[in-house]
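Step one of this worksheet: look at the structure below.
The values are calculated or read from the model by the stated rules, or taken from the named source; none is laboratory data. A quick note: this is a predicted structure, and the numbers were derived from the prediction, not measured. No Cβ is skipped: glycine too gets one built from the backbone with ideal geometry, and neighbour counts run over all protein chains shown.
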Amino acid sequence: MVQTDVVVIGAGAAGLMCAFTAAARGRQVLLLDHANKAGKKILMSGGGRCNFTNLYTEPSNFLSSNSHFCKSALARYTQWDFIEMVSRHGVPYHEKKLGQLFCDNKSSDILEMLLDECAQAGVDLRLDTPVESIEKHEEGYLLHTGIGSVRCQSLVIATGGLSIPTLGASGFGYQIARQFGHNVLPTRAGLVPFTITEPQLKTICTELSGTSVEDCLVSCNGQSFRENILFTHRGLSGPAILQISSYWQPGDVVHINLLPHLDLGEWLATQKQERPNAELKTLLGEVFTRKMAGLLCEHWFASRPLKQYVPSELEAIAEKLADWQLVPAGTEGYRTAEVTLGGVDTREVSSKTMESQKSAGLYFIGEVLDVTGHLGGFNFQWAWASAYAAGQFA
Ligand code: FDA
C-alpha cells in the first residue's frame, strides 16, 4: 500500500502544473497517467510549437455555462506568471499574431520545463498506470491502480476532455465526477472543422481543398471571428471556422463574409463603369484566387462582361459573397477537435480552490471542467491557472 498526501490523475498540461505546485508546498505528490508518455497534447499542440498562452487572456475568451467561474483562477495565475516561468527556463518564444505566444523551437521545450519543475519539486511520476477504482474514506481516498493500492488525502482529477482518443483522452474524469455526485454537462467537440455534404458546396470545398481565404468574418449565434478560413476535402476549417464551431449547434446557420475589408457592391459598380467589358470571373479572380473565382462563377453566378449586369444583379452577387449562409452537416468530431465543450459542472466546484463541493479533498482542473477557451493559447492558460489554484490547496 502506497501512502501519499496528493494523487493527481492525468499528467497533461494541468496535471503536471498542479503536481509541482503542490509539491513545492511540501506535499508528497504522486502523478499518475495511463499513457506511456506525459503531456502528449502539449507535444502535438500549436503545430508542434505549442501556443502556450495568450497575451490578451480575458474571461471573455472562455465558454462555460457558469461564465464567472474562471475569473478568480485566471486572475491569480495570469499569462504573465506563465511567461515568467518560460523565461526563467530560457525557453525561446515569439508572438505569432493576436497575442498568441509560440515556442521558437519545439513544443517539447514546454513539456521539458514542466517535467523539470516536477523533478525539482520531488513529484513521483508514474506512466502506464491505469486507475481501476476510487473509494472515499474518512481520511481521504483509496485508489486501486496499476501500481497497487494508493491512499491519499487529496485527489486531483486532471484527465482532460474527450478530444483525440489516440492521445490518451478518456471519459474517466466525467465518470469519477458522477461517482461522487457531480453533474456533468453534455459534452461536444469544440475548435473543430465543419463537414459539408450538400453536393454543390461539397464539390466547391473539395475542388478548393487546401486553399484559404485570408480575411473572413464568420458569425453564428451572435458571435463573430475575423480570421482566415480553409477549404478541406470534407468541408471547412481554418482559425475562423474552428473558433465559430464552439458556438455552433447542429442545424444552425453559419454566416461568412468572404470580403469584410471590401464594399464589394461599390467596387463592382465602379469596375462596371471603368472596365465594362471585363468578365465577372476576371474581377473576382482579383480578390480571390483565379481557381476560386472560376468555381464561384461555375456554381453560383454565370460569368458575363460587367456591362451586361443590371445594378440589382451586381448587388445580389455582392450580397451573396458578403453573407454566404450555410448549414454544416456536422463537425469532424472528437477525432480532430482541439477541445471538449461541457464537462464537470462548475457550479459544484469552488472557483477559489477547484475543490468539489460534493466530496472534500477531491479537485477538478483543466479541460475536464466545463470551461473551454477560444483558439489561441487560452486553453493552456486555463490548464495552468486552474492547476495552480488547486495546487495551492490540495
Ligand atoms: P490533457 O488532455 O492535456 O491531459 C489529460 C491527461 O490525462 C493525459 O495525459 C491523459 O493521458 C490522461 N488521462 C486520461 N484519462 C486517464 C485515465 N483514465 N487514467 C490516467 N490518465 C488519464 N491549447 C492551447 O492553448 N494552445 C494550443 O496550441 C493547443 N493546441 C492543441 C492541438 C491539439 C491537436 C489538441 C488536441 C489540443 C490543443 N490545445 C491547445 C488544447 C489543449 O491541448 C488542452 O486544452 C489541454 O491540453 C488540456 O489540458 P488538461 O491537462 O486538462 O488535459
When only residues in the range 76-111 that are within 27 Å of GLU227 (Cβ to Cβ) and of a type in the set (A, V, I, L, M) count, which is farthest from the chain's Cα centre (by Cα)? VAL91
Determine whether the range 5-23 contains at least one residue that is away from the ligand (no atom under 14 Å from the Cβ) and in a loop (DSSP other than H, G, I, E, B). no
Which of the residues belonging to the range 24-40 are crowded, with 17+ Cβ neighbours inside 10 Å, within 9 Å of the ligand (Cβ to nearest atom) and over 26 Å from GLY99 (Cβ atoms)? LEU32, ASP33, HIS34, ALA35, ALA38
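Residues of the range 315-354 being assigned to a loop (DSSP other than H, G, I, E, B) and either more than 30 Å from THR21 (Cα to Cα) or of a type outside the set (Gly, Ala, Ser) (or both), which ones? Outline the logic, then answer.
The first filter runs over the range 315-354 and keeps only residues assigned to a loop (DSSP other than H, G, I, E, B), leaving 323, 327-329, 332, 336-338, 345, 350-354.
Matches in the range 315-354: ASP323, VAL327, PRO328, ALA329, GLU332, THR336, GLU338, ASP345, LYS352, THR353, MET354.
Among the residues of the range 357-364, is there at least one that is under 27 Å from LYS97 (Cα atoms), more than 8 Å from the ligand (Cβ to nearest atom) and either polar (S, T, N, Q) or in a strand (DSSP E or B) (or both)?
So far as the range 357-364 goes, no, none of its residues is under 27 Å from LYS97 (Cα atoms), more than 8 Å from the ligand (Cβ to nearest atom) and either polar (S, T, N, Q) or in a strand (DSSP E or B) (or both).
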Read through the list (1) free of Cβ contacts under 8 Å to residues at least 60 places away in the same chain; (2) in a helix (DSSP H, G or I), then give the number of the only condition that MET292 fails. (1)
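If you check GLU338 against the conditions, is it out of contact with any Pro (no Cβ under 7 Å at 6 or more places or on another chain), more than 16 Å from the ligand (Cβ to nearest atom), in contact (Cβ under 8 Å) with a residue 40 or more places away in the chain and within 30 Å of GLN249 (Cβ to Cβ)?
No: the conditions fail for GLU338.
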I'd like to know if the range 311-325 contains one or more residues that are surrounded by 13 or more Cβ atoms within 10 Å (Cβ to Cβ), without any contact (Cβ under 8 Å) to a residue 12 or more places away in the chain and closer than 19 Å to THR211 by Cβ. no
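One residue is enough: does the range 71-91 have a residue meeting the conditions of a type outside the set (A, V, I, L, M), at pLDDT 95 or above, within 13 Å of the ligand (Cβ to nearest atom) and within 30 Å of GLN223 (Cα to Cα)?
For the range 71-91, residues of a type outside the set (A, V, I, L, M), at pLDDT 95 or above, within 13 Å of the ligand (Cβ to nearest atom) and within 30 Å of GLN223 (Cα to Cα): present.
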Expected output for the range 95-109 (first residue within 11 Å of ILE42 (Cα to Cα), partner within 13 Å of the ligand (Cβ to nearest atom) and part of a strand (DSSP E or B), Cβ below 6 Å, 6+ apart or cross-chain) is ASP109/CYS103
Determine whether the range 266-277 contains at least one residue that is modelled with pLDDT of 95 or more, of a type outside the set (Ser, Thr, Tyr), part of a strand (DSSP E or B) and out of contact with any Ser or Thr (no Cβ under 9 Å at 6 or more places or on another chain). no
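Looking at the structure I just gave you, is LEU43 on the phi < 0 side of the Ramachandran plot, more than 10 Å from the ligand (Cβ to nearest atom) and modelled with pLDDT of 95 or more? Break it down stepwise before answering.
Numbers: on the phi < 0 side of the Ramachandran plot: yes; more than 10 Å from the ligand (Cβ to nearest atom): no; modelled with pLDDT of 95 or more: yes.
In short, no.
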What strands (runs of 3 or more DSSP E) lie completely within the range 136-249 and have 3 or more residues being closer than 28 Å to ILE365 by Cβ and within 15 Å of the ligand (Cβ to nearest atom)? 140-145, 148-157, 184-190
